[in-house]
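Notes follow the structure.
Coordinate-derived values only; no laboratory data. The structure displayed is predicted, hence computed values, not measured ones. Backbone-built Cβ (ideal geometry, glycine too); neighbour counts: all protein chains shown.
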Amino acid sequence: MTVRCATGNPGKLAEFRMAAAALGHPEIEILPLDGIRNLPVCEEDGETFEANAAKKALHYSAYCSGFLFADDSGLAVDALDGAPGVRSARFSPEGTDEANNRLLLEKLAGARDRHARFVCVIALAREGELIATFRGEAEGVVLEAPRGTQGFGYDPLFYYPPLGKTFAELDAKTKMLVSHRGAALRQLFGYLARLPG
């Protein structure tokens, strides 16, 4: 079975493809949406991860036949009332990983409660119709200084207690097995595998 992914990021596409095999569904082939960079951009202005993922899936699925999925993800910090949340990628004015992490540490300076969760919502659509959404979460703690060189975004600050490491200290396959994105993808792949034909 093939399913298209609404991303123009080759790194993210490679991660999704690796996930299919790592999560036990090598029969699912993930393809890019042809010409996505030339299509009208979908503005991610929803207030929830679900809203943004669904909006992207509906928008881009109109440009292909068959199934297409889109995701929205981010970090929700309890002490910041769920921020940065859906604005995780553009938390700081610069919008770079380094600036976002620096701002997060500034806002948490002196905070005793550093509990946070990574959230990923994947929306599956077909030709302009929303089929289903899948939500994955990973619980952890925001450290006071970054650790590790793998991953991206807030990974160096996100400490995952069950493994005693940050997400940036995990190899890609291990991270996929325990991450929010891996949890959402596992649900997506299971759904697709159960479809007839």
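Test Leu31 against the criterion of being touching a residue at least 12 places away in the same chain (Cβ under 8 Å) and in a helix (DSSP H, G or I), and give yes or no. So Leu31 does not fit the description; no.
Return the residue satisfying two criteria in turn: it lies in region 35-52 and is in contact with a helix residue (DSSP H, G or I) (Cβ under 9 Å, 6 or more places away or on another chain) and polar (S, T, N, Q), and of such residues it is surrounded by the most Cβ atoms within 10 Å (Cβ to Cβ). Selected residue: Asn52.
Taken together, the residues in region 35-58 that are of a type outside the set (Ser, Thr, Tyr) and closer than 25 Å to Glu137 by Cα amount to 16. Reported count of residues in region 1-19, each being surrounded by 12 or more Cβ atoms within 10 Å (Cβ to Cβ), over 15 Å from the mean Cα position of the chain (by Cα) and outside any loop (DSSP other than H, G, I, E, B), is 2. When Ser73 is tested against (1) within 22 Å of Ser179 (Cβ to Cβ); (2) touching a residue at least 40 places away in the same chain (Cβ under 8 Å); (3) small (Gly, Ala, Ser); (4) in contact with a Leu (Cβ under 9 Å, 6 or more places away or on another chain), exactly one condition is not met: (4). Test Ser73 against the stated conditions and say whether it is of a type outside the set (D, E, K, R), within 17 Å of the chain's Cα centre (by Cα) and at negative phi. Answer is yes for this residue.
Taking the condition in contact (Cβ under 8 Å) with a residue 24 or more places away in the chain and either exposed (fewer than 15 other Cβ atoms within 10 Å of the Cβ) or within 26 Å of Cys42 (Cβ to Cβ) (or both), does Leu103 pass? No: the conditions fail for Leu103. Set side by side, the residues Pro32, Pro84 differ, and just one is surrounded by fewer than 22 Cβ atoms within 10 Å (Cβ to Cβ), more than 21 Å from Glu137 (Cα to Cα) and within 19 Å of the chain's Cα centre (by Cα), which is Pro32. Residue check: Ala53 meets all listed conditions (1) assigned to a loop (DSSP other than H, G, I, E, B); (2) farther than 25 Å from Asp171 by Cβ; (3) in contact (Cβ under 8 Å) with a residue 40 or more places away in the chain but one, namely (1).
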